[in-house]
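See below for the structure under consideration.
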Amino acid sequence: MNNPATAISPPAGIGDHKPANQAVLDWVHEVELLTQPENIFWCDGSERENDFLISESLKQEVLTKLNQKRAPRSYLHRSNPNDVARVEQFTFICTPTKAEAGPTNNWSEPGETYSKLDGLLKGAMRGRTMFVVPYIMGPPDSPLTKIGFEITDSKYVVLSMRIMTRMGEIAVKRLGSDPKAEWNRGVHSLLDVNPERRFICHFPQDNAIISVGSGYGGNVLLSKKCLALRIGSYLARKQGWLAEHMLILGVESPEGKKHYVAAAFPSACGKTNFAMLIPPKHFAGWKVTTVGDDIAWMQIRDGRLWAVNPENGYFGVVPGTSYKSNPNAMKSIERDTLYTNVALTDDGDMWWEGKDGPPPKHAIDWRGNDWTPDSKEKAAHPNSRFATPMRNNPVLDPHVEDGDGVPISAIIFGGRRSDTMPLVFQAFDWEHGTYVGSTMASETTAAAAGAVGKVRRDPMAMLPFCGYNIGDYFRHWLETGKRLTNPPLIFHVNWFRKSADGKFLWPGFGDNMRVLKWIIDRCEGRVGATESPIGHIPRMQDLDLDELGGVTPNQMRELLNVSAEEWQKEVSDHAKFFESLGGVVPDELEKQRKNLAGRFKS
Ligand code: OXD
Ligand code: MN
């Protein structure tokens, strides 16, 4: 493991792109005095700058060059083995009062936290280059678009930010010279990459983020989870819009009628796969296009919700990605991709569990050790990632740059549930849909440090990302619904239900189109359903199951089944969850829970 922070000396014309805004200059100077870097590198996002940073990173062995024939302009980075996922236990919302952060966030007092972090940052960049990364989140002409500056001592962060955001000159220009302009201040330092000195702290009132001690994407690409979701959700409530952990996709019918759908699934539950879905042969003429794979910012216009993707790239989970599971993702990551913690084959290609074809006879695993198919360890870390520009996606939606966004017809919640949750159901209305989202749960994955496979409640997939009190967040959803005259319909899906013998009942991937089609048909009001206590459920004849091999009618019945026994337990888990939130849940949702429980009694 080489230190991605060692200083570099750029030639003239690189790294000297100072913005004109005095507020930015003052802030950078302040951080410079504190962290004492060897030099400051002002990023402009240019090709030349990127080439220089890559060549320095290769020299310092921060990156490994991959086989340029197989993966042009693609590189591998290995993170410290102690630093491979988001660390929710060390993530803090630092609002003036604990109540503002609410029951689901770690809270720490802003003054004390700034002092503690200042202590850790003092002299932290000695012998290092301090990069100043200007970026915007959102299409350039969207009213929702936000400006951020991230200071970092990691070249890997700079290279990743260039993929994941619209970075450099575009942000400097947009900010201009007004010292009162609004922008997010982000400070990141690797320190010594020690879990004991790892803190990801958000100061929503100051529009500021400080992240120390980690080099892993979700903790350090401050644009993403930190700004676009945690600070974003806080701003969204204040300003009357929604910042959500949702993919956005377009579905076009053979007749050319198009709908857009936003879907919230917890981390590593297939958002990227769903956003790039290829319909099965039977759905000839149907097209799915991607607006975003992780984050949706949505505003109200004409009584509808309109969504933009604030990001510019995809930071996806690699293992399991293959031409079989997600050909569009495979095509997207064929080039220009920064891989983290995958395995390296002897011919400079990359390998991961679930990739097409047989495993290599020998590889270097994500830790840098020899690996063979007989090894007990995984070749790639289960949370190994790709960062790739969204432009590489062959099914990128043509409206991805529209500042107005795309109109959302349906919102889908979903989780990884072995039982209880049917393949799909539709909420009765917005308020009930908000309840369905607020009680969502999923079996945990490797995206966050901690046990894998435990059912945890993850409201709207925002548990780790809501930057304020979750009760107020629920209230904001309910209030938003009241302002919508043409609200999206709300659905819940579960691709992961298992039979009694532990096998997945639904093939998933492209066949999820069958569920998506029912959802679109519901939006068009042209397909039936049966009313169950949990919502509208398709009858077998309402789903297009033609040419769906391998799923028997009995399995279909199991997939669509609502078991009173399982649901009584589920509703009592909802009650426990709401109780655990300590009285912040809005009355409307408590009422929804009582009604749901009541529907199972009668
Ligand atoms: C992600 C996550 O990286 O949700 O998108 O963890
Ligand atoms: Mn995510």
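Taken together, the values in this text are just the output of simple stated rules run on the coordinates, not laboratory data. Computed from a predicted structure; not experimentally measured. All Cβ positions, glycine included, derive from the backbone under ideal geometry; neighbour counts span all protein chains shown.
Which is the longest stretch in the chain that no exposed loop site breaks, taking sites as trypsin sites (Lys or Arg not before Pro) with a DSSP loop state and at most 13 other Cβ atoms within 10 Å?
On the way: sites that count: 69, 122, 126, 180, 257, 324, 361, 376, 454, 503, 526, 539.
Value returned for the longest uninterrupted segment is 377-453.
Taking every DSSP beta bridge that has both residues in the chain, what percent is antiparallel when rounded to the nearest 5?
On the way: 63 of 98 bridges.
In the chain, approximately 65 percent of DSSP beta bridges are antiparallel ones.
With only Cα atoms counted, region 462-583 has Rg and Dmax values of 17.4, 49 Å.
Taking Cα centre as origin and charging only the Cβ of basic (Lys, Arg, +1) and acidic (Asp, Glu, -1) residues, the dipole magnitude of region 543-602 rounds to 400 debye. For the chain, the residue among 551, 193, 276 whose Cα projects farthest onto the positive side of the dipole built from Cβ charges is 551. Loop-located GluC sites (Glu not before Pro) in region 56-111 (DSSP state other than H, G, I, E, B) with a sparse environment of at most 16 neighbouring Cβ atoms within 10 Å: 61. Of 33, 447, 375, which is farthest on the positive side of the dipole of the chain, counting Cα position, with +1 on Lys and Arg Cβ, -1 on Asp and Glu Cβ, and the Cα centre as origin? Towards the positive end, the residue furthest out is 375. Can you tell me what share of the DSSP beta bridges in region 1-131 is antiparallel? A percent to the nearest 5 is fine. Bridges in region 1-131 that DSSP calls antiparallel: roughly 35 percent.
Taking the Cα centre of the chain as origin, work out the dipole magnitude from +1 charges on Lys and Arg Cβ and -1 charges on Asp and Glu Cβ, in debye rounded to 20. Walk me through the numbers before you get to the answer.
Numbers: 70 positive and 73 negative charges, 118 e Å.
Charge dipole, the chain, about its Cα centre: 560 debye, nearest 20.
The protection proxy used here, the mean number of other Cβ atoms lying within 10 Å of each residue, ranks peptides 199-211, 29-41 as follows, highest first: 199-211, 29-41. Along its three principal directions, the equivalent ellipsoid of the chain from the Cα gyration tensor extends over semi-axes of 39, 28, 23 Å, largest first. Cross-linked pairs 324/378; 238/482; 146/180; 482/591: Cα-Cα separations exceed 19 Å for 324/378.
Only helices enter the 222 nm calculation for the chain: every DSSP H run of n ≥ 4 contributes -39,500 (n - 2.57), and dividing by all residues gives -7500 deg cm²/dmol, rounded to 500. Taking 32 Å as the limit for the C-alpha separation, the pairs 59/116; 155/454; 65/361; 225/576; 355/517 exceed it in the case of 59/116; 155/454. Filter the cross-link list 224/594; 224/503; 122/376; 224/331 down to pairs whose alpha-carbon distance in this structure exceeds 31 Å. Checking Cα-Cα distances, 224/594; 224/503; 122/376 exceed 31 Å.
Hull volume per residue, based on the alpha-carbon atoms of region 265-380 and their convex hull, is 148 Å³.
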